[in-house]
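Worksheet for the structure shown next.
The values are calculated or read from the model by the stated rules, or taken from the named source; none is laboratory data. Predicted, not measured: the structure shown is a model, and the values here were computed from it. Using ideal geometry, Cβ is built from the backbone for each residue, glycine included, and neighbour counts are taken over all protein chains shown. The accessibility values were calculated without ligands, DNA or RNA, using every heavy atom of the protein model including side chains. Shrake-Rupley method; radii C 1.70, N 1.55, O 1.52, S 1.80 Å.
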Amino acid sequence: MMADETIDCGAMPVVDNHCHPVLHDQRMADGAAWRSHFSEGGPESRDRHVAQSVAYREALSAIARFLGCPPDEAEVLRARPAAGVEELCAGYWADAGLAGLVVDDGFPPEGLGIPADQLGAGRCPVRRVLRLETLFERLITAHVSLEAVREALRAELEAEHARGTAGLKSIAAYRGGLTVRRRPAEDVGDAFDAARAQVARGERLRLADPQLRDDLLHVAFGVASRLEWPVQFHCGYGDTDSDLRHANPLRLRAVLEDPAYRSMPVVLLHEAYPYTREGAYLCAVYDQVHMDLSYAVPPIGAQEMAALTRAALAVAPWTKLLYASDGVGIPELHWWGAHRGRRILGGCLHELVRAGSLDRGMAEGAAAAVLGENARRLYRFPPSRPAG
């Protein structure tokens, strides 16, 4: 084969390192409801501006080609199959060549999405990750002492691991930022008392106090390290509820440097955008750090996604990079991410072959690792391939 032939990833199975459930209700009241799945902005931004974004136009064109209709929003909505949601997913999963899903079912809210164990639609295995901050809130609501919360947390995590939960996820970036430290006992106690007072008033608890949050995260990290259990961290990109300045993965240094947690695999989500280079650096220097490349993150156009992929491959070992979609709500995002990820990753690896940085065999091995093999190993998937 000639060195200038493209790296074709089209037949390679994909394991999605990070995605969310699909909504039971796939009806779209109008174009605005559809566009809401392609933006983290507020309603006005979604209504007025999303349709004028490159990433949205790329997605709409790809979906229209699959459905066999013009690349027009109204035409796509008319052409979407009226099948039940599981049948809808099965069709998209088959075309995408999905060989596994790692699902955070902490969003959408409980009851709105397909349960994680049904999301594979009979076509691919599913591994679930547990959202930590949601668990913390439930335990604080249920127990009147901090020590009881800690004990219940350890017990619940042990039970989740025994049930086969594949890993944990922290949204600390949304709850005060990624600077996670060991906190003074008195400050943690005061924060717990404040949280319990909120519960006593009948208010919904949203744990954002870093004192209490960090204390419970350290409890969880201790369990995860002992079990060599992966912990995903939301990094970088998100909605306006997240202060992007505090979502830089470099802020995790205290956790990464702690000798007690060296056996806890850490996964930085969403290519840590816009901190992709920082994330790649952490993958290069810390044995336990991995990073995903989320190819269906709404605002990022293909050119920028290719630049991020180049940046990651230029620094991080490809054994540390994992494909992801970050798909949520509609199956088109999971599907689009898989096709887009293969194409962009294959193109970037082809560039490295042409530049003489890799030979073709290395590039193909790197593609297979990023698209599926690394996730299979990290989350301990059974050896399987897509159905059909």
Q) For residue 262 and residue 54, what is the calculated FRET efficiency with R₀ set at 51 Å and r taken between the beta-carbons, to the nearest 0.05? A) 0.80
Q: Kindly report the accessible area of segment 262-343 per residue (heavy atoms of protein chains, probe 1.4 Å, no ligands, DNA or RNA), in Å².
A: 28
Q.
Report for segment 1-156 the percent antiparallel among DSSP-assigned beta bridges with both residues inside it, nearest 5.
A. 10
Q: Compute the semi-axes of the equivalent ellipsoid of segment 247-286, taking the square root of 5 times each eigenvalue of the Cα gyration tensor, and list them largest first in whole Å.
A: 18, 9, 9
Q) So, how do all the Cα-to-Cα distances of segment 20-123 break down into 10 Å bins, in percent, from 0 on up? A) 14, 41, 39, 6
Q | segment 1-55 and segment 233-257: distance between their alpha carbon centers, rounded to Å | A | 23
Q: Under 13 Å from a label point 7 Å along Cα→Cβ of residue 307: give me every residue in segment 342-373 with its amide N that close.
A: none
Q. Relative to the present Cα-Cα distance, how much length would full extension add between residue 65 and residue 30 at 0.36 nm per residue of separation?
A. 10.5 nm
Q: Could you go through segment 197-210 in sequence order and give the Karplus-derived ³J(HN,Hα) for each residue, using 6.51 cos²θ - 1.76 cosθ + 1.60 with θ = phi - 60°, rounded to whole Hz, and x for Gly and Pro?
A: 5, 5, 4, 4, 7, x, 8, 6, 7, 10, 6, 10, 5, x
**Q.** For peptides 38-51, 365-378, sequence by mean Cβ density within 10 Å, most packed first
**A.** 365-378, 38-51
Q) Using the eigenvalues of the Cα gyration tensor, what equivalent ellipsoid semi-axes result for segment 77-212 when each is taken as the square root of five times the eigenvalue, whole Å, largest first? A) 36, 16, 14
Q: May I ask you to derive the FRET efficiency for residue 142 and residue 287 from their Cβ-Cβ distance with R0 = 41 Å, giving the value to the nearest 0.05?
A: 0.65
Q) Using modelled amide H (1.01 Å from N, peptide plane; none on Pro or chain starts), what sits under 5 Å from the amide H of residue 295, excluding residues fewer than 5 places away? A) 324, 325
**Q.** Residue among 124, 69, 89 with the largest mean-square fluctuation in a Gaussian network model of the chain, springs linking Cα atoms under 10 Å
**A.** 69
Q: Return the distance in nm (one decimal) between the two label points of a simple spin-label model at residue 74 and residue 359, each offset 7 Å from Cα along Cα→Cβ.
A: 5.7
Q) In nm, to one decimal, how far is the modelled label at residue 194 from the one at residue 243, with both set 7 Å along Cα→Cβ? A) 1.4
Q. With the chain treated as a Gaussian network of Cα nodes joined by springs under 10 Å, which of 336, 34, 93 yields the largest mean-square fluctuation?
A. 34
Q | Of 259, 298, 249, the one that fluctuates the most in a GNM where the chain has Cα springs shorter than 10 Å | A | 259
Q | For residue 290, residues with placed amide H under 5 Å, excluding near neighbours | A | 266, 267, 268
**Q.** When segment 129-272 is reduced to its Cα atoms, the Kirkwood hydrodynamic radius in Å
**A.** 15.4
Q.
Can you give me the C-alpha center-to-center distance between segment 112-181 and segment 338-361, rounded to a whole angstrom?
A. 36
Q. Give me the log10 of I(q) over I(0) for the chain at q = 0.13, 0.15 Å⁻¹, as the Debye formula computes it from C-alpha points; what are the numbers?
A. -1.09, -1.41
Q | Amide hydrogen neighbours beyond the local backbone of residue 169, cut-off 5 Å, H modeled | A | 130, 131, 132, 232
**Q.** Helix-only [θ]222 nm of the chain, DSSP H runs n ≥ 4, -39500 (n - 2.57) each, per residue, nearest 500
**A.** -14000 deg cm²/dmol
Q: Report, to the nearest whole %, how much of the accessible area of segment 202-351 belongs to carbon and sulfur atoms, 1.4 Å probe, protein only.
A: 52
Q. Per the Kirkwood formula on distinct C-alpha pairs, the Rh of segment 119-190 is how many angstrom?
A. 14.3
Q) In the P(r) worked out for segment 283-388, what percent of Cα pairs fall beyond 21 Å? A) 35
Q) Over the chain, what is the percentage of antiparallel beta bridges among all DSSP beta bridges, to the nearest 5? A) 5
